[in-house]
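The values are calculated or read from the model by the stated rules, or taken from the named source; none is laboratory data. Because the structure is a prediction, the values reported are computed rather than measured. For neighbour counting, all protein chains shown are included, and Cβ atoms are generated from backbone atoms with ideal geometry for every residue, glycine included. We work out accessible area using only protein heavy atoms, side chains counted, and drop any ligands, DNA or RNA first. Shrake-Rupley method; radii C 1.70, N 1.55, O 1.52, S 1.80 Å.
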Amino acid sequence: MSDRTSRAIVCGAGIAGISAAYHLAVRHDMRDVLLVDERAPLSVTSDKSTECYRNWWPGPGDAMVRFMNRSIDIMEELARESDNCFHLGRKGYLFVTADPARIPDFERAAEEPCALGAGPLRIHTGEPGDPIYTPAPATGFENLPTGADLILDPLLIREHFPFLSTDVIAALHTRRCGRLSAQQMGMYMLERAREAGLQFLEARVEGVEVRAGRVRGVHLRDASGSRTVGTEVFVNAAGPFVKEVARMVGVDLPVYCELHTKIAYNDRLSTIPQSAPLYYWADGQRLPWSEEERALLAESEEMQWLLAPFPPGPHGLPEGTPGSQNQLCLWTYDVETVEPVLPLPPHDPHYFEVVLRGLSRMIPGLQAYFDRLPQPVVDGGYYTKTGENRPLIGPLPVEGAYIIGALSGFGIMAGCAAGELLSAHVTGSGVPSYAPWFLLERYEDPDYRALLDDWDESGQL
Ligand SMILES: Cc1cc2nc3c(=O)[nH]c(=O)nc-3n(C[C@H](O)[C@H](O)[C@H](O)COP(=O)(O)OP(=O)(O)OC[C@H]3O[C@@H](n4cnc5c(N)ncnc54)[C@H](O)[C@@H]3O)c2cc1C
């Protein structure tokens, strides 16, 4: 028996659920929307990210580039109207290599997203007639270049990024990319939605009542007990638990989770300027160890893996709070599929040292920490993914049930456009042309299945 009703109930107050609720309550003026989370808003995955954004996405198709461009448009609107309360900046991402054999990969990686709508490509070779390279300012996002600068002139690289190893020979600086405070953006949207009438309830969604093939209500449990709230619209925004929550309407989602960990540390020796963009080492490597360390590691079966070749990808960025020397860093060299559990399982105690040594290949100044590592603060969360790493946004095969999830490692940057798209589905207003790419029903389309067989992300660095 329902003791109240709501026009729509959103399960999950991470960035996805908040953005969905914001768009329903504020931009569609929907009354009586209820946002439910068994925990504090934004406290599971959405406050654990590195808080970066980029319009830099590969194909197939231009759906991801257009989706992210739209999301960044909305983030910029919110930043302008809020006096940039969430510190949206646009320093870009910088992919670098010291391997001449990788230059063709860089050229391909530069061309594809630009051709898909990320903006123009400027190539800097050091020859007369080169385009102008505009450095990114430490703060702000207005009036800056889009697209990318592919810098093949080592002198220009050293002039603008003197902290990098002197053997770096190519750098790809992608420009409609940067960082924000995700927690503050999420809270800003939540506050605006509350002002527009959104209600937040701290409770666990325990079940969804489905009768005659459509949603009729949601079973909730909180400190005061259980109740059912009648509704005809249920939005599953449960982050790493979307699969579990989708089962409540009898739907099995094709998603899985990976645990990703990030590290914050105080760069007390200021090896990396706070004005640096996100920096990403695109070459494989073996970690640097002294002869003595190498011999010791070789003797230990448990530690020998530290001598093996490592894949490309250690990356980091300044944390960005004014006056801070904090750096964040990550490297996904060993992710595997896991069941999501909270609290998170303990992290690998070697992780920070591995990432720091890996990054020292790109930033030699970090070698100064080998003898005395800074104290790391380690946290992280789950990437919830589909096989092709594209989100799920739209109706589920039960009338009135919707999904906004599988936001993987891009939910902060995609959050605004994802909420907008979800709200367009719920209200029946016009959806953008990228919408079909993110529907659950895409997997029933034989053309999409054929595309999946040939899915090629080799153009990514
Ligand atoms: C280490 C790391 C780095 C990342 N870096 C970036 C980045 O730089 N840029 C970027 O864009 N993205 C990044 N991401 C990804 C981004 O953080 C996620 O995609 C995003 O936070 C997912 O948001 P969400 O709302 O789907 O999930 P969550 O934030 O996890 O929210 C889900 C909510 O659902 C609630 N919930 C679940 N089940 C129930 C239930 N039965 N009843 C009630 N409530 C329920 C949970 O309590 C939770 O609050 C990163 C992620 C990690 C882990």
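The shape of the range 338-433 comes out prolate: with a ≥ b ≥ c from the C-alpha gyration tensor, a/c is at least 1.5 and a/b beats b/c. Spin-label model, residue 342 to residue 31: label points 7 Å out along the Cα-to-beta-carbon direction sit 3.3 nm apart.
If you take the beta carbon distance between residue 224 and residue 378 as r and set R0 to 51 Å, what does 1/(1 + (r/R0)^6) give as a FRET efficiency, to the nearest 0.05? It comes to 0.90.
Of the chymotrypsin sites (Phe, Trp or Tyr not before Pro) found in the range 136-192, those in coil by DSSP whose Cβ has at most 16 other Cβ atoms within 10 Å are 163.
Per-atom-type breakdown for the chain gives carbon and sulfur 51% of the accessible area (1.4 Å probe, protein chains only). Taking 17 Å as the straight-line reach from the Cα of residue 262, the aspartates and glutamates in range (excluding those fewer than 8 positions away in the same chain) are 47, 51, 319, 334, 336, 348, 353, 379. Of all DSSP bridge pairs formed entirely within the chain, close to 65 percent run antiparallel.
Cα centroid separation, the range 196-232 to the range 325-358: 36 Å. The range 1-141 has equivalent-ellipsoid semi-axes of 40, 17, 15 Å, by the square roots of 5 times the alpha carbon gyration tensor eigenvalues, sorted largest first.
Evaluated with a Cβ-only charge set (Lys, Arg +1; Asp, Glu -1), the range 85-214 carries a dipole of roughly 580 debye about its Cα centre, given to the nearest 20. Helix content alone sets the calculated 222 nm mean residue ellipticity of the chain: runs of n ≥ 4 DSSP H residues at -39500 (n - 2.57) each, divided across all residues, give -7000 deg cm²/dmol.
Around residue 262, under 11 Å between beta carbons, what's the net of Lys plus Arg minus Asp minus Glu among the other residues? Once positives and negatives cancel, what remains is -2.
Can you classify the range 103-169 as rounded, prolate or oblate using the Cα gyration tensor, where a ≥ b ≥ c are the square roots of its eigenvalues, rounded means a/c under 1.5, and otherwise it's prolate if a/b beats b/c and oblate if not? It is oblate, given that a/c is not under 1.5 and a/b is not larger than b/c.
Computed extension length for residue 433-residue 453: 4.9 nm, one decimal, from 0.36 nm per residue of separation with the Cα-Cα distance subtracted. Positive end of the dipole of the chain (Cβ unit charges, origin at the Cα centre): among 208, 150, 324, the Cα lying farthest that way belongs to 208.
Averaging over all projection directions, the Cα-based convex hull of the range 149-286 occupies 14.8 nm² in the image plane.
Ligands, DNA and RNA are left out, and with a 1.4 angstrom probe the accessible area of the chain is 42 Å² per residue. For residue 275 and residue 80, a Förster radius of 30 Å and the Cβ-Cβ distance give a FRET efficiency of 0.85, rounded to the nearest 0.05.
Around residue 337, what is the net charge, scoring Lys/Arg as +1 and Asp/Glu as -1 over all other residues with Cβ under 14 Å from its Cβ? Computed value for this residue: -2.
Of the residues 78, 24, 64, the one whose Cα sits farthest toward the positive end of the charge dipole of the range 18-111, with +1 on the Cβ of Lys and Arg and -1 on the Cβ of Asp and Glu, is 64. Bridgeable aspartates and glutamates around residue 243 (alpha carbons under 13 Å apart, same-chain partners fewer than 8 residues away excluded): 252, 339. Near residue 156, once Lys and Arg are set to +1 and Asp and Glu to -1 for all other residues with Cβ below 14 Å from its Cβ, the sum equals -3. Around the amide H of residue 136, modelled in the peptide plane, lies no amide H under 5 Å away from a residue 5 or more places distant or on another chain. Scanning the chain for GluC sites (Glu not before Pro) lying in DSSP loops with no more than 13 further Cβ atoms inside 10 Å, the longest uninterrupted stretch between such sites is 143-300.
Put a plus charge on the Cβ of each Lys and Arg, a minus charge on the Cβ of each Asp and Glu, and nothing anywhere else: the dipole of the chain about its Cα centre is then about 1280 debye.
Can you classify the chain as rounded, prolate or oblate using the Cα gyration tensor, where a ≥ b ≥ c are the square roots of its eigenvalues, rounded means a/c under 1.5, and otherwise it's prolate if a/b beats b/c and oblate if not? It is prolate, given that a/c is not under 1.5 and a/b is the larger ratio.
Our coupling estimate for the range 121-131, obtained by passing each phi through the Karplus curve with A = 6.51, B = -1.76, C = 1.60 and θ = phi - 60°, is 9, 10, 10, 10, 10, x, 8, x, x, 4, x Hz, Gly and Pro reported as x. What the Cβ-Cβ distance of residue 268 and residue 444 gives, at R0 = 56 Å and to the nearest 0.05, is a FRET efficiency of 0.55.
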